[in-house]
Ligand SMILES: Cc1ncc(COP(=O)(O)O)c(C=O)c1O
């Protein structure tokens, strides 16, 4: 089967709303490499959008799934429960930030985890309001879209969205938004839009993912915690993209000296199997009545088996340390390039959650064309890179943390060359 033939069949059989970045079709993948149906090899710095921190087809994950296949594949946890779900909840409770009793519920997608975190916050507080941030991304369900602070392409044509959702600007020093500006905007929301006594939760990403890999400043997170404490609001950290060793810690919230009340997780939790979860204070997690949380596939046994293997691999292969080591190498490479590439406006991100932001030479005006050129040229050279940011001018690096050194070095060489080539074209 050829890529071109598959593309025309895709165009005829599937809607354009399911936008597809690549024009080649996957045949197989191994750790940080994948091959298309015509046998072409790619280095995968997308990792299924931050899902394969443990690489494609990690032998331990495959073994765990195979073992589970030999026992049962689905009972619906809410009908016939299984020990592995409970054991995974115990492990997450023990490892999530917060020195208080915790409970975890599992779901299937990141958006579902977000939906359920909001449901739990509303049930626990009896309040309707939610505050989210510009540039934030929380999924494609109705509440996910309402919370998302990026219009195109996520919200176009899909409204109206659930009410009582408000946005404040996320701190973004490069583009002139300070922590003080953000906090002032929240205080203003309390004056202009919603009484803080009606706000159930503030939801934020410790590092904005789709929005451009902007880390939340420590003083901002501390101030959010204080604000929540003052007004009886719950703080929800959406760790769907930041979780499972990507930032150099198991969770990005481990970098902060404050803890959230609820935390969402998904993506690399189960190394390629669909699994998400909400962990939080036990008293809050118990607010929803029996039957109010869950779903037919929520906590699927194959995905849960994979998640147990993921946690072991993160420990055994010291993936938090490796995230930082590799992230530092990407950053050093980009910073070294900065003198020759005036479009490199910023290089940032904790651990391996690294991104480079491209702006018009020497300034802060986003340069989406330059960014696209880097991405396209990298793909031509066999390196899969993802773009993000409200202005689509950020390249994010989501290499599997298990990537072999030789493959990583090869990717760094391609990256350097395509960035330099793109400067030559821009000149
Ligand atoms: C922070 C964050 N929340 C929620 C989601 C939605 O996850 P999913 O696409 O699995 O529904 C994403 C997906 O990118 C995300 O990055």
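The values are calculated or read from the model by the stated rules, or taken from the named source; none is laboratory data. A quick note: this is a predicted structure, and the numbers were derived from the prediction, not measured. Here Cβ is always computed from backbone atoms with ideal geometry, including for glycine, and neighbour counts include all displayed protein chains.
Observations on the structure shown:
- Filter result for residue 246 (closer than 21 Å to residue 268 by Cα and touching a residue at least 40 places away in the same chain (Cβ under 8 Å)): yes
- Positions within the stretch 58-115 being part of a helix (DSSP H, G or I) and within 16 Å of the ligand (Cβ to nearest atom), in sequence order: 110, 111, 112, 113, 114, 115
- Residue 372 falls short on exactly one of the conditions (1) assigned to a helix (DSSP H, G or I); (2) within 26 Å of residue 59 (Cα to Cα); (3) under 23 Å from the mean Cα position of the chain (by Cα), and that condition is (2).
- Count - residues of the stretch 356-378 that are surrounded by fewer than 18 Cβ atoms within 10 Å (Cβ to Cβ) and modelled with pLDDT of 95 or more: 6
- Condition met for residue 248 (away from the ligand (no atom under 16 Å from the Cβ), within 30 Å of residue 63 (Cβ to Cβ) and in contact with a helix residue (DSSP H, G or I) (Cβ under 6 Å, 6 or more places away or on another chain)): yes
- Residue in the stretch 237-249 that is more than 21 Å from the chain's Cα centre (by Cα) and assigned by TED's automatic domain parsing to the domain that holds residue 280 present: no
- Only listed residue being under 20 Å from the mean Cα position of the chain (by Cα) and more than 23 Å from residue 210 (Cβ to Cβ), chosen from 413, 402: 402
- Only one of 134, 109, 54, 73 that is under 23 Å from residue 285 (Cβ atoms) and in contact (Cβ under 8 Å) with a residue 12 or more places away in the chain: 109
- Residues located in the stretch 263-299, provided they are within 13 Å of the ligand (Cβ to nearest atom) and under 14 Å from residue 54 (Cα atoms): 266, 267, 268, 269, 270, 272, 273
- Some residue of the stretch 199-222 being surrounded by fewer than 15 Cβ atoms within 10 Å (Cβ to Cβ) and in contact (Cβ under 8 Å) with a residue 60 or more places away in the chain: no
- Condition check for residue 165: touching a helix residue (DSSP H, G or I) at 6+ places or on another chain (Cβ under 7 Å), more than 11 Å from the ligand (Cβ to nearest atom) and outside the structural domain of residue 356 (by TED's automatic domain parsing): yes
- Members of the stretch 144-197 that are in a helix (DSSP H, G or I) and within 21 Å of residue 119 (Cβ to Cβ): 144, 145, 146, 147, 196, 197
- Scanning the stretch 116-143 for residues that are crowded, with 24+ Cβ neighbours inside 10 Å and assigned to a helix (DSSP H, G or I), we see that the one that is nearest to the ligand (Cβ to nearest atom) is 117.
- Residue within the stretch 257-268 that is surrounded by fewer than 23 Cβ atoms within 10 Å (Cβ to Cβ), in the same structural domain as residue 166 (by TED's automatic domain parsing) and in contact with a strand residue (DSSP E or B) (Cβ under 9 Å, 6 or more places away or on another chain) present: yes
- The conditions of being at pLDDT 95 or above, farther than 19 Å from residue 49 by Cβ and outside any loop (DSSP other than H, G, I, E, B) are met by residue 347.
- Being touching a helix residue (DSSP H, G or I) at 6+ places or on another chain (Cβ under 8 Å) and within 13 Å of the ligand (Cβ to nearest atom) holds for only one residue in 259, 199, 240, and it is 240.
- Candidates 302, 326: the one that is touching a strand residue (DSSP E or B) at 6+ places or on another chain (Cβ under 7 Å), away from the ligand (no atom under 16 Å from the Cβ) and in a helix (DSSP H, G or I) is 302.
- Count - residues of the stretch 347-366 that are under 18 Å from residue 416 (Cβ atoms) and in contact with a helix residue (DSSP H, G or I) (Cβ under 6 Å, 6 or more places away or on another chain): 4
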